[in-house]
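Notes follow the structure.
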Amino acid sequence: MTLLSRLSQIHIRTLILSIIVTALVISSAFFFLGQRIRQRVENLVTEQFNQQQLMLGRKIADSIEFYFDVLETEMLSYPHFYVTELQSLNVLRIYLRQHFTHLQTLGIIEVRKYDANGQLEYFYGQGSPYQPVQTRNLSSKYQNWAQDPQHQGKVYLTTTFSWPDAPWPGRKVMAMLTPLYYPQAGSSEGPQSQAKQFAGTIELIFDPYYICREATKGVQSGQTGYAWIIDADGTLLAHYETDFLGKDAIQVRKQRGPGLSFERLQKIQTRLLKGEEGTDWYESGWHRERLGRIKKLVAYVPVRFDRGLIRGVVAVENRQHNLWGVAVVAPVEEVYGLIRNFQTQEGILSGFFFLLILVISGVLIGTVITWNKALAKEVELKTEALRQSHERLLRSERFAAVGEAAAYVSHEIKNPLMVIGGFARQLEHTPQLKEKDREKLKIMGDEVARLENFLGDLRDFTRPQPPAKQPVSLNDIVHEVEELMREAAQDCGVELKTSLKPDLPLARLDVNQIKQVLINLIKNAIEATEGQGHVLISTWFQDEHLHLSVQDDGKGIQSEILRDIFDPFFTTKKAGTGLGLSVINKIIEDHQGTISVESTVGQGSTFTVILPCDHSEAQHAYSHPS
């Protein structure tokens, strides 16, 4: 492998590596950009979904607060009715009994009337009749608030508490109270400034579960999301899991999933019961009928009871702590399901882009490899042409040097040799010459003739005649030489064959010189077969050149001497001059052609001559294929 080829391979490897690295960098950049966009889309959709849940939570909180506004208005109507009906407790009792049916639709489970001392006078409730504890008085805390004249025309709202006795022992309820006042008799002051006499208290006991159930009815976030509500103590008032109701929101979850941590949910609940609003997430071990670790998005909103329609009318027990918390939750995977179509399209686009990069990279690498192979082949051809040109130059230089020496030797030997040969032939015809001497003179004459032939070859080699070119058919020349050499080949036991491509274009050749070339090649092939062999003469047209080959199945030529066979005076024959192939090579060069040889020891040799042809004839051959 040449240095240029090695440098070319290093260059192509570097180029291919650069293409691969570039493709990987672009693919990685696109992948990370896609991941970043996907993450931003997920965050955006998650935030938007949580905002929607927050709106649902606010709607639920508004519904609950509106319910308490309705109860507040209902409670304020009783003192007004009492005063309007001339402070008749009996009329008020009838009104409450008749009005209780309407109160039931608001979730009121019982209405009670206490006298001025806080003693229960009568009540109306849901379900089976029961006899309340007659000695049960209104709580002193509530009695003291109701007796305060400053609280006339106001409403008091308790926290959620467990009912102590029948008919709902341990049930979470809430109560709303309002005092009853009437003007003192005999007072001369106007109606607005008359002194008022405390007449008792009306108490409405209502079901917070009913309120929360009505407020969350039909509320659904996403496909399966729902709302839950807790009171100020963290007790669940509304939840999809009905068996959770009335229980501590954290503890009941821990009992359901003892292996889970609800620390994050605990922090969310703490913020919620401080009156904070926001969005977050937490993990659970179930969602509706599904089991397993599930991440949920949550939006939470507090419910306050001190923001009635008429400011300053409602007094709330434990104002800082008395509030509820509404939360709307949905599994995160449902939110991601909303953007799954986008992610699928983005994934398809990413895959297409990555495939496009692979295809482009493959095309570039294939192009580079093809270009490199073509370049390497071109370099090899140019290198081979340069080598052959260098060899021809060296051969020409050797030919020139040998030619000068041969011309001098031929000149110096020719004349004496002619004299010797002439004298030998004259003496051979002398009558008195003995037969033995005559044979010696004949041998002398034959050797002189052989030397003269050698000098003729040497003259042809040193002073070759320029080719007399004319348009001829190469196949015609082959046919003539074949007829000429067939008998000689048969005498040596060699079969002479031809494989000639018909309709070859004409070429401008010196017929005699090309015959000389072909005769010498056939003679060498016959000698190489050493009897019982074959010699094949072939012609064909390729790459706008005529090709002529002489192939034998003889003994072949050793590889180490192949490069020297065209050198002058190089021969492996005992009686050879070493000028035959040199003269052939010179003739082919004078025809602007080339001659090459391929040989395998024991299998034979093939000499191939490539000659240019007439351009117009070559086009004719292409347009009229055989």
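Summary of computed values
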| read-out | value |
| --- | --- |
| Distance violations [Cα-Cα > 26 Å] among LYS440/LYS523; LYS113/LYS247; LYS523/LYS586; LYS113/LYS217; LYS113/LYS141 | LYS440/LYS523; LYS113/LYS247; LYS113/LYS217 |
| PHE66 paired with THR600, simple spin-label distance in nm, labels 7 Å along Cα-to-beta-carbon | 10.2 |
| Added length on full extension, which subtracts the Cα-Cα distance from 0.36 nm per residue, LYS295 to ILE519 | 70.9 nm |
| Hits among lysines - C-alpha to C-alpha of LYS373 under 24 Å, sequence gap 8 or more where chains match | LYS382 |
| Sequence-distant residues sharing a close amide H with LEU323 (under 5 Å, placed H) | ALA232 |
| Extension reserve of the ARG508-ARG425 stretch, reckoned as 0.36 nm per residue once the Cα distance is removed | 25.5 nm |
| Lysines with Cα under 16 Å of LYS377, excluding same-chain neighbours fewer than 8 positions away | none |
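A short reminder: the numbers here are calculations on the coordinates, not readings from a lab. The structure displayed is predicted, hence computed values, not measured ones. When we count neighbours, we look across all protein chains shown, and the Cβ atoms used for this are built from the backbone with ideal geometry, even at glycine.
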